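Let me begin by handing over the structure; questions about it come next.
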Amino acid sequence: MMMMMKRSTAAMLRRATSRQLRVLSSSSATPVLQGDWIDSNTNVYKQFTDNSFSLSAALPSLDVTNPATQETIATIAETTEDEFHHIIDKAHAAYLNWRTVPVQQRQRVMLEYQRLIRLATPELAHCITIEQGKTLADAKGDVFRGLEVVETACQVAPYLLGDSMAGISSTMDTVSYREPLGVCAGICPFNFPAMIPLWMFPLAIACGNSFVIKPSEKTPSATLMLAQLMVEAGLLENVLQVVHGSVDTVNRICTHSDVKAISFVGSNRAGEHIFELGTANGKRVQSNMGAKNHAVVLPDADRAAVVKAICGAAFGAAGQRCMALSTLILVGDAKEWLTDIVQEATKLKVGAGWEDGVDIGPLIDEAAKLRVERIIAQAVDQGAELLLDGRSHVVDQYPDGNFVGPSVLSKVDTTNICYTEEIFGPVLVCLEADTLDEAVSITNSNQYGNGCALFTSSGAAARKFTHEVQVGQVGINVPIPVPLPMFSFTGNKASIRGDLNFYGRSGVYFYTQLKTVTSNWPYHPADLGGMTMPTVGHKH
């Protein structure tokens, strides 16, 4: 029966994704997104509960648009309050069963899951490109970096090991081990529709928790498809569920008594609210937020390689990455490289993400485009020099798209709005410094601490930078130093709230808690304690 269910789900998935591929293969047509998670009669995104897709009773209220065309893909109906509470009740019941499943069996589910994600990567990438706008190649990278976290969830058991000590007294032993928390929840951003959800629920579920996830209301399809694949991998009913919505759904997650931990990635405004509301209601919260990542370039670095690396890290994904290298500090004679960077940036092709040869896709929506253009204008008014202007960039085939071309601002000081604000667009902000010490000082003075990079051929300079810079993730000749998942994502300062990071050992610790058991098994009758403080092993 289970095998028949899996085959049926797989066949259903192949039918949905093959329709996507047929449309995408036509160069003359704008892609149309179809899948089991979109109701064919109402064109409304479904929730995921009871291991299947179902429509909310709410009226559709949130349009999901293709950022390259402004066409509506489908509409989201927010999960109602009653539906949400029912989903949490089911998640709690599922947790009570799932926590008893041995860890090796939970790992086997993840092994099958990673295989299914590999097979579905092209279809997941197509969903991402249509809803989010990034290029197909970048969307596949989005999936792959999430898949790497699933791979670590396949071997989570060593991270769950505790400690033990025999004979703390003549008949007493102590053992500690890690236990799951219960119902955990995730609140996801639009910019990485596959990677960020995969940072969250696979590890939490492998640790024995159940999980309720809210994808971005702008890019829900990848999360819904990933949930469908999780069922095909053999996950028990309601261990993973997907809800929809905006502020109301977020607040329900933060205040429901059965939600024990919340993972969030997104803006500082939302992240601070979620951290404060969640912790006030007794929850663990890990909140990854804004960034202003600095690249420091010394004149002894490889000029040609650095120019390409800076352009890729600043303008890739239209700058909509929390680890984008949005700020450049050119030290000494390296300031002469700015012309090369501008020339390299002009070679980048802007267009719809599904078109061949495109380097930079659209911004997520018109509001994001207008904000980027406004900040560029204000930066110039405040004294910055605009060396490359990507505003009002029009792609002939898609004139309504949210396109902004690569833009370069120079002669920037640290009070300029383009430096103080996270722009989240394809804009490179350039400063100059006379020495490495000055560049480190500028970097350390910034409120954010997500990532930074140094480009140099000097080991001494690299060591100095590594030890003195106050940023959580450092790249030496690595433009985007996102750690692989055997480590953890370790942004600091205003880029994170909470003391346990995403994925790696720290991620496991976030989704688990320690239990310590002290046992006394005397072979002969013995005194088991009295009125005074026990002092094991101490003779008065």
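The values are calculated or read from the model by the stated rules, or taken from the named source; none is laboratory data. Just so you know, these numbers come straight off a predicted model, no measurement behind them. All Cβ positions, even for glycine, are placed from backbone atoms using ideal geometry, and neighbour counts span all protein chains on display. Surface areas here come from the heavy atoms of the whole protein model, side chains and all, with no ligands, DNA or RNA. Shrake-Rupley method; radii C 1.70, N 1.55, O 1.52, S 1.80 Å.
Considering each of K515, K493 in turn, give the residue that is among the basic types (K, R) and more than 20 Å from the chain's Cα centre (by Cα).
K515
Mind listing just one residue for me: the one in the range 480-537 that is touching a helix residue (DSSP H, G or I) at 6+ places or on another chain (Cβ under 6 Å) and of a type in the set (D, E, K, R) and, of those, nearest to W199 (Cα to Cα)?
That would be R505.
Can you tell which of G146, G141, G133 is open to solvent by 20 Å² or more (accessible area, probe 1.4 Å) and closer than 29 Å to T72 by Cβ?
G141
Among the numbered criteria (1) under 25 Å from the mean Cα position of the chain (by Cα); (2) within 23 Å of L235 (Cα to Cα); (3) in contact (Cβ under 8 Å) with a residue 12 or more places away in the chain, which single criterion is violated by V64?
(2)
Turning to a different aspect of this structure: Look through the range 490-524, keep the residues that are of a type outside the set (V, I, T), under 21 Å from R99 (Cβ atoms) and out of contact with any Ser or Thr (no Cβ under 8 Å at 6 or more places or on another chain), and return whichever of them is surrounded by the most Cβ atoms within 10 Å (Cβ to Cβ).
By that ranking, first place goes to Y511.
Go through (1) in a helix (DSSP H, G or I); (2) touching an Asp or Glu at 6+ places or on another chain (Cβ under 8 Å); (3) open to solvent by 40 Å² or more (accessible area, probe 1.4 Å) one by one and return the number of the condition E272 breaks.
Failed condition: (2).
Go through A280, A345 for me and flag whichever is without any contact (Cβ under 8 Å) to a residue 60 or more places away in the chain, of a type in the set (A, V, I, L, M) and over 22 Å from L198 (Cα atoms).
None of the other options fit; the residue is A280.
Condition check: assigned to a helix (DSSP H, G or I) and either touching a helix residue (DSSP H, G or I) at 6+ places or on another chain (Cβ under 9 Å) or among the hydrophobic types (A, V, I, L, M, F, W, C) (or both). Does P197 satisfy that?
For P197, the condition - assigned to a helix (DSSP H, G or I) and either touching a helix residue (DSSP H, G or I) at 6+ places or on another chain (Cβ under 9 Å) or among the hydrophobic types (A, V, I, L, M, F, W, C) (or both) - is met.
Right, something else. For the range 212-260, which residues satisfy the criterion of being more than 21 Å from M195 (Cβ to Cβ), open to solvent by less than 10 Å² (accessible area, probe 1.4 Å) and part of a helix (DSSP H, G or I)?
T249, C254
Counting just the residues of the range 438-467 that are surrounded by fewer than 12 Cβ atoms within 10 Å (Cβ to Cβ) and either farther than 24 Å from N501 by Cβ or not polar (S, T, N, Q) (or both), which one comes out nearest to the chain's Cα centre (by Cα)?
Only one residue tops the list, namely H467.
Provide a single number: the residues in the range 115-130 that are open to solvent by 30 Å² or more (accessible area, probe 1.4 Å) and either of a type in the set (A, V, I, L, M, F, W, C) or closer than 22 Å to V212 by Cβ (or both).
So the count comes out to 1.
Quick one: which strands (runs of 3 or more DSSP E) sit completely within the range 443-540 and have at least 1 residues that are in contact (Cβ under 8 Å) with a residue 40 or more places away in the chain?
Numbers: elements: 452-455, 474-476, 512-520.
Those strands (runs of 3 or more DSSP E) span 452-455, 512-520.
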